[in-house]
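Single-structure report; data block below.
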Amino acid sequence: MKYYPLFLKLAGKKCLVVGGGQVAARKIASLLEAEAQVRVVSPQVCEEIRLAAQEGRLELEMRGYRPGDLRGMRLVIAATDDPAVQEAVFSEAEALGIPCNVVDKPEYCSFIVPSVVKSGDLTIAISTSGASPALARRLREELEGSFGPEWGRFLELMRRWRREILSRGLPASEREAIFKKLAYSPIPQWLAEGREDKVAEFIAPLGLSLRE
Ligand SMILES: C[C@@]1(CC(=O)O)c2cc3[nH]c(cc4nc(cc5[nH]c(cc(n2)[C@H]1CCC(=O)O)[C@@](C)(CC(=O)O)[C@@H]5CCC(=O)O)C(CC(=O)O)=C4CCC(=O)O)c(CCC(=O)O)c3CC(=O)O
Ligand SMILES: NC(=O)C1=CN([C@@H]2O[C@H](COP(=O)(O)OP(=O)(O)OC[C@H]3O[C@@H](n4cnc5c(N)ncnc54)[C@H](O)[C@@H]3O)[C@@H](O)[C@H]2O)C=CC1
């Protein structure tokens, strides 16, 4: 199966998770990370989900799935242990044209969820197209070792520097040369080593600074 990778804006959008076990909890955590408005429908839920509901981070309905639950939803994830429910959620999602992930049945998924490495605004999403979730996880763990907090910090700086350079009204070729010089620089490594002096020395000729 071929998939089209993308990053979805879900902030403030209603998303439904049917089921309340460990797999549901993992999918919920990533939806909350994206600031989605999460509703969970499940007769039983694990501790993590119960706590999130108690803290008002999601809306919880302790009952079984009912047709009609998908109305008004932007996206749905079915994470129950009941094949009949999984199929019913898939059918309703298809009928309403809502993106749907059925965690134990790739044929019922209109999208699949990647393993994710995050450092601030940097997101690296890893997929094996469903071939081996365990391998996706292994690659995530390995990449986490190479993309520490210095990358988030570097991106914060790059965002500001880029804005500044764009405002200079330089010819495209000149500003692109600067962006490349910065992007391919050893700055992340210097940040990780606490060598801000080296960063400062590198960016000074470009008219940039570490602090605003
Ligand atoms: C198709 C997909 C649909 C979807 O869920 O979106 C799917 C499907 C299935 N997963 C199964 C099993 C496992 N899934 C994991 C873990 C993760 N699964 C995730 C995604 C995906 N899983 C999508 C494809 C992603 C891709 O590869 O492109 C991750 C990346 C993201 C997330 O869940 O948030 C997250 C790792 C997060 C991280 O740690 O980084 C582990 C390992 C573990 O739990 O540690 C195991 C056991 C080991 C193994 O089987 O490999 C089963 C069999 C169930 C059974 O046996 O009953 C199915 C159904 C089937 O394959 O038929
Ligand atoms: N895609 C993935 O990443 C993975 C998928 N799986 C599969 O995901 C499924 C769920 O796994 P777990 O969370 O470990 O299962 P679990 O058994 O802990 O949780 C199932 C949940 O579904 C709820 N449920 C049962 N009937 C329901 C109904 N009618 N309406 C709403 N909720 C209902 C239960 O109350 C329970 O909270 C399993 O089929 C498993 O094989 C397992 C590992 C990884």
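Computed on the Cα trace of the range 62-188, the radius of gyration divided by the Kirkwood hydrodynamic radius gives Rg/Rh = 1.17. Structure remark: mean-square fluctuation, Gaussian network model of the chain, C-alpha springs under 10 Å; the largest value among 156, 61, 201 belongs to 201. Binned at 5 Å from 0, what are the whole-percent values of the Cα-Cα distance distribution for the chain, short to long? Taking all Cα pairs of the chain, the binned fractions are 1, 6, 12, 14, 14, 12, 10, 8, 8, 7, 5, 2, 0 percent. Give the distance, in whole Å, between the Cα centre of the range 105-124 and the Cα centre of the range 172-212. Comparing the Cα centres of the range 105-124 and the range 172-212, I get a distance of 31 Å.
Expressed in whole Å with the largest first, what are the equivalent ellipsoid semi-axes of the range 149-206 derived from the C-alpha gyration tensor as the square root of 5 times each eigenvalue? Present the calculation step by step, with values, prior to reporting the outcome.
Numbers: eigenvalues 90, 26, 18 Å².
The equivalent ellipsoid of the range 149-206 has semi-axes of 21, 11, 9 Å.
Whenever you get a sec, compute what percent of the accessible area on the chain sits on carbon and sulfur atoms (1.4 Å probe).
Details: 6850 of 13020 Å².
Whole-percent figure for carbon plus sulfur exposure: 53.
The GNM of the chain, with springs linking C-alpha atoms under 10 angstrom apart, assigns the highest mean-square fluctuation among 55, 141, 35 to 55.
With the alpha-carbon atoms of the range 13-61 aligned to their principal axes, the span from lowest to highest coordinate is 24, 20, 15 Å, starting with the largest.
Compactness check for the range 1-89: Cα Rg over 2.2 N^0.38 Å is 1.05.
When we measure straight from the Cα of residue 180, which lysines land under 16 angstrom away, once same-chain ones fewer than 8 places off are left out? Qualifying lysines at Cα under 16 Å: none.
Excluding ligands, DNA and RNA, what is the solvent-accessible area per residue of the chain at a probe of 1.4 Å, expressed in Å²?
Details: 13020 Å² over 212 residues.
About 61 Å² of surface per residue is accessible.
The values are calculated or read from the model by the stated rules, or taken from the named source; none is laboratory data. For clarity, every value in this text was computed on a predicted model and none was experimentally measured. When the accessible area is computed, the model is the full protein with side chains, heavy atoms only, and any ligands, DNA or RNA have been set aside. Shrake-Rupley method; radii C 1.70, N 1.55, O 1.52, S 1.80 Å.
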